[in-house]
Amino acid sequence: MKKKKIAAYVLSAVCALGSVTPLCTLAEESDDDQLEDLMTSEFVDTMEDDYMTLHFTLKDPSALNIEVPEPTFGNTDFRGEAEKAKSDAEKVLKELDDIDRDSLTEEHQYDYDVMVDSYTYQKNWSDTDWEWMFTADNNLVNSITTNMTEFQFYDKQDFYDYVSVLDTVDDYVNAALELTKEQADNGCFMNAASLEESLSEIRNFTDKTDDNPLIVDFRDDADASSFLSEEEKGTLENQVNDIVINDIIPACKTACDTLSAMKDKCVDDFSDIENGLAYYTAAEQHTVGSVKPLQDQFDELDDFIQDKTAEYISLLQKNPDAGSTEISMSDPDQILTYLSNSLNDYGFPDCPDVNYTADYLDPSVVSGNVMAYYMSSPLDDYTDNVIRINRNNISDNTEFYNTLAHEGYPGHLYQHVYDLSKKHNYIRQLCGYLGYQEGWAEYVANDAMEWGIMSDEDARAVELNNDITYGLSALTDIAVHGLGWKEKDVSSYLSRIGLNSEAASSLYQTAMQYPISYDSYGYGLCRFTVMRENAEEALGDRFDKTEFHEVILDHSDRMLDTVETDVENWVKQKGGRYSSSDTKSSSASNSSTSPLSRSAAFGIGMTALVVVVIAFIVRARNRKNSAL
């Protein structure tokens, strides 16, 4: 039974005996209380609805009177789950409609807006045709591996729950495969490049038996546990071995064989799917957190890339070796300690001290494009944090430093802990925008290059290379899936703005394999960087970096459009005049000439793009965004 918060009734003044006035009256619940009750109720319902979501979100659900659901990997009734999600969203939106937003406190207005946007998206796009589970960027087999190897054991019962969950994985894979076959029959399937990458990742998992990461990781956790006797350890390890080898691996092999036989069902892009462009547009806008049309996003990215490319060319003409210096730090703890100790010196507000572990991943447990990920702590205990590193995908110490700044300080770990210290309602953690999260992490990772670890020219060269690389990845994704571009169009664009057109193939293939995956990084980085530049230009000496970051952070994860409005209001309060990106337009898509010299641009060396980070964050959500 679910226990929900009950509104308090307050007695009026004692009535005189014999009076016709009612003995007591009920105090009306304020709109703020209504919203808080609704958010808490939704959070509790979400936790009690799915075991894995609960386990990764809370360490002690009993402290919140939350009942632990049956330990399974997930609900295999995907169509029923989609209908329930839509129905739940409609119910929440109706309750929100009964609340007067204008009467709410400022912080609750932020909560209200995020709730409306998140549940509107859930209502409109809770459709199993878009719940794709075997794409390169949303591969179920990788999700199984990551979530089960990151499973935390807080007490003895968790070990037995783990086995119960593991025992349902093969059924989940089989159900997901049946749904995928139905989707493909309906003309709603991934493209060939994404399928090939997905098949390779599944085979990488099924090729391992006794050394399978699920078996090895569980054995290590069980052996290190003080909760279990030696007999219990042996029994549980044998059960896990049996389930993985005899149930999960065969189910994954069947999925691989079945998917491989479906290559003729592949589509090129979203335009080949009924309502595909509408879905792509909605999913992209929700993911990045902007209601701006795709063309407007493209134009912003285009301006951003051209500005950074012009600066990069100028820098390289003065110093061809700029950005080639490798920093000396190579130990993750040394880097993270340096970053965390430097926060206040470089304009970042105070954040509670927490513990963290940074260790290396077996490359077999992650997909090939993952460099690292931050493992979000439980919401009710954010003192222990974990960063996993795929060192094989990181080229040198400078990239390593930048990656740890993205995942740790002042990136994901810092933002997560700072946010929880502000004690927002937990539902806000389930209604997130990757554009805010990844945009922040990319923006601050760039900023951290200027923290005294290399020369100013080297630091700026690294920043500009990141700006151009991530910006191009996002722009190409929008152009290919939203505006109908082909590889030749990408090549023409690169030539037109003064970049090496040979990079077109890499950009195009990335967009095809990982739709929507990089928009949050590139577009988010663009928006945060431009906000900073506009604020600095408007305020001059009055610009305060710490205050700027507080404006971004204090109201939690939200739409980029809302963040920019907040920054604009802050600038006005300080007496400045903010010039937003909406007032600028110099899109190369609409111009026949480029402000750059094509011959000068060949020195950039963009033939092989820098590997782009995918920082997978293990975070429970109401509805997971899917992409082709």
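The values are calculated or read from the model by the stated rules, or taken from the named source; none is laboratory data. Quantities reported herein were computed from a predicted structural model and do not represent experimental measurements. Because the Cβ atoms are built from the backbone with ideal geometry, glycine has one as well, and the counts that use them run over all protein chains shown. All accessible areas refer to the heavy atoms of the entire protein, side chains included, with ligands and DNA or RNA removed. Shrake-Rupley method; radii C 1.70, N 1.55, O 1.52, S 1.80 Å.
One table, with the values for the structure above:
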quantity	calculated
Helix-only CD estimate at 222 nm, as mean residue ellipticity for the chain, using -39500 (n - 2.57) per DSSP H run (n ≥ 4)	-17500 deg cm²/dmol
Solvent-accessible area per residue for the range 243-376 (1.4 angstrom probe, square angstrom)	43 Å²
Antiparallel bridge percentage (DSSP; both residues within the chain; nearest 5)	45 percent
FRET efficiency, 1/(1 + (r/R0)^6) with R0 41 Å, evaluated for Glu230 and Asp171 via beta carbons	0.85
Of all accessible heavy-atom area on the range 170-211, the percent that carbon and sulfur account for (1.4 Å)	37 percent
Potential lengthening between Lys488 and Asp456 on full extension [0.36 nm per residue; Cα-Cα distance subtracted]	7.8 nm
Hull volume in cubic angstrom per residue (convex hull over the Cα atoms of the range 76-200)	166 Å³
Backbone HN-Hα couplings from phi across the range 114-129 [Karplus 6.51/-1.76/1.60, Hz, Gly and Pro as x]	5, 4, 4, 5, 5, 7, 5, 5, 4, 5, 7, 10, 7, 9, 5, 5
Extension gain, Gln157 back to Lys91 (0.36 nm per residue minus Cα-Cα distance, nm)	20.2 nm
Heavy atoms of Val163: accessible area, 1.4 Å probe, square angstrom to 10	20 Å²
Relative contact order (%) - the chain, alpha-carbon pairs under 8 angstrom, separation at least six	18 percent
Cβ-based net charge around Glu196, under 12 Å, with every Lys or Arg adding one and every Asp or Glu removing one	0
In nm, spacing of pseudo-spin labels at Thr209 and Arg542 (7 Å Cα→C-beta vector)	7.2 nm
Additional length obtainable on full extension of the chain from Asp100 to Asp49, 0.36 nm per residue less Cα span	15.5 nm
Rounded Å value of the spacing that divides the Cα centres of the range 170-249 and the range 405-431	30 Å
